[in-house]
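Heads up, the thing below is written out as structure tokens.
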Amino acid sequence: EVQLQESGPGLVKPSQSLSLTCSVTGYSITSDYWGWIRKFPGNKMEWIGHISYSGSTNYNPSLKSRISITRDTSKNQFFLQLNSVTTEDTATYYCARYAVNYGGYDFWGQGVMVTVSS
Amino acid sequence: DIQMTQSPTSLAASVGESVTITCLASEDIYGSLVWYQQKPGKSPQLLIYGATILEDGIPSRFSGSGSDTQYSLKINSLQPEDFASYYCQNGSSTPWTFGGGTMLELK
């Protein structure tokens, strides 16, 4: 079965960069699409972006200037970097597999809570 | 971006009742609508895709309907495990966008 696990620091200072790793087991990231989604306090959900089986990326325009999604196929991991964070980036960050046939995300990590605070 | 307006924001019901949650897209999403369930402390679970297609393993008391800009999720005969939050998601065009969520609570 496909399993995803996020890892990264739970606390980031304003203006710094947030870096998260998603480790995937049971499926190769050289197939399908792999995304990042976040859920804010107050429950709003926002799609951040994804990386495809070929390594191409698609980002939310609202974040495009600040984000980078990359991957390491040898480790079956993909990564999120979000630059110049503010307190408004405080959220739970999820990685997930995007199923093209579904138009949505069918396997999710458990999520990692990231707080931006000095 | 396609805006997804979900209602109600919260809903109280009893076990055995039926409830309906609606999602309105700001433009035609051609049936590309996904519903998720999320329980506290857990990640979202995909329930329905293509507006009407039940994901494997999801009980048949869940059903989806709709087209164009208007979509609904109906849960018949609520079970204790159904009390959770529900989200719709535009699957038509990026950026994928989500409804604001509906918290289904036990009355």
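Mind listing just one residue for me: the one in the stretch A:39-75 that is open to solvent by less than 40 Å² (accessible area, probe 1.4 Å), assigned to a loop (DSSP other than H, G, I, E, B) and within 10 Å of chain B (Cβ to nearest Cβ) and, of those, modelled with the highest pLDDT?
Within the stretch A:39-75, the match that is modelled with the highest pLDDT is A:N60.
List the number of the failed condition for B:G100; all other conditions in (1) within 11 Å of chain A (Cβ to nearest Cβ); (2) touching a Gly at 6+ places or on another chain (Cβ under 8 Å); (3) on the phi < 0 side of the Ramachandran plot hold.
(2)
Against the condition among the basic types (K, R), touching a residue at least 40 places away in the same chain (Cβ under 8 Å) and touching an Asp or Glu at 6+ places or on another chain (Cβ under 9 Å), how does A:K75 come out, does it pass? Don't jump to the end; show me each part of the working.
On the way: among the basic types (K, R): yes; touching a residue at least 40 places away in the same chain (Cβ under 8 Å): yes; touching an Asp or Glu at 6+ places or on another chain (Cβ under 9 Å): no.
Judged against the criteria, A:K75 is not a match.
Go through (1) within 14 Å of chain B (Cβ to nearest Cβ); (2) in contact (Cβ under 8 Å) with a residue 60 or more places away in the chain one by one and return the number of the condition A:L82 breaks.
(1)
Please specify each residue of the stretch B:26-62 satisfying the condition of being within 12 Å of B:Y86 (Cβ to Cβ), away from every other protein chain (no Cβ under 11 Å) and open to solvent by less than 50 Å² (accessible area, probe 1.4 Å). Can you show your working first?
Initially, the stretch B:26-62 is screened for residues within 12 Å of B:Y86 (Cβ to Cβ), giving B:34-39, B:44-48, B:62.
In the following step, the residues that additionally are away from every other protein chain (no Cβ under 11 Å) were identified as B:37, B:39, B:62.
The answer is B:Q37, B:F62.
I need the full set of residues from the stretch B:1-42 which are more than 19 Å from A:G42 (Cα to Cα), of a type in the set (V, I, T) and assigned to a loop (DSSP other than H, G, I, E, B), in order please.
B:I2, B:V15, B:I29
Under the condition of being open to solvent by less than 10 Å² (accessible area, probe 1.4 Å) and of a type in the set (F, W, Y), which residue from the stretch A:3-38 is nearest to A:I67 (Cα to Cα)?
If we take residues in the stretch A:3-38 being open to solvent by less than 10 Å² (accessible area, probe 1.4 Å) and of a type in the set (F, W, Y), then A:W36 is nearest to A:I67 (Cα to Cα).
If you check A:Y98, A:Y93, A:Y102, which single one turns out to be closer than 27 Å to B:T52 by Cα, touching a strand residue (DSSP E or B) at 6+ places or on another chain (Cβ under 7 Å) and either more than 10 Å from every other protein chain (Cβ to nearest Cβ) or outside any strand (DSSP E or B) (or both)?
On the way: A:Y98 fails: either more than 10 Å from every other protein chain (Cβ to nearest Cβ) or outside any strand (DSSP E or B) (or both); A:Y93 fails: closer than 27 Å to B:T52 by Cα.
When all the criteria are applied, what remains is A:Y102.
Checking the structure you have, find out if any residue of the stretch A:76-90 is modelled with pLDDT of 95 or more, open to solvent by 10 Å² or more (accessible area, probe 1.4 Å) and in contact with a Gly (Cβ under 7 Å, 6 or more places away or on another chain).
Taking the stretch A:76-90 and keeping what is modelled with pLDDT of 95 or more, we get A:76-90.
Next cut, open to solvent by 10 Å² or more (accessible area, probe 1.4 Å) only: A:76-77, A:79, A:81, A:83-84, A:86-88, A:90.
From what's left, in contact with a Gly (Cβ under 7 Å, 6 or more places away or on another chain): none.
Within the stretch A:76-90, not a single residue is modelled with pLDDT of 95 or more, open to solvent by 10 Å² or more (accessible area, probe 1.4 Å) and in contact with a Gly (Cβ under 7 Å, 6 or more places away or on another chain).
Of all residues in the stretch B:62-81, which are within 17 Å of B:S26 (Cα to Cα) and part of a loop (DSSP other than H, G, I, E, B)?
Listed by number, the residues that qualify are B:D68, B:T69.
Might you check whether a residue that is over 30 Å from A:E1 (Cβ atoms), open to solvent by 70 Å² or more (accessible area, probe 1.4 Å) and either touching a residue at least 12 places away in the same chain (Cβ under 8 Å) or out of contact with any Ser or Thr (no Cβ under 9 Å at 6 or more places or on another chain) (or both) occurs anywhere in the stretch B:81-100?
No, every residue in the stretch B:81-100 fails to be over 30 Å from A:E1 (Cβ atoms), open to solvent by 70 Å² or more (accessible area, probe 1.4 Å) and either touching a residue at least 12 places away in the same chain (Cβ under 8 Å) or out of contact with any Ser or Thr (no Cβ under 9 Å at 6 or more places or on another chain) (or both).
The values are calculated or read from the model by the stated rules, or taken from the named source; none is laboratory data. Since the structure is predicted, the reported quantities are computational estimates derived from the model, not experimental observations. Cβ atoms come from the backbone with ideal geometry, glycine included; neighbour counts cover every protein chain shown. Each accessible area value is taken on the protein alone, full model and side chains, heavy atoms only, with ligands, DNA and RNA left out. Shrake-Rupley method; radii C 1.70, N 1.55, O 1.52, S 1.80 Å.
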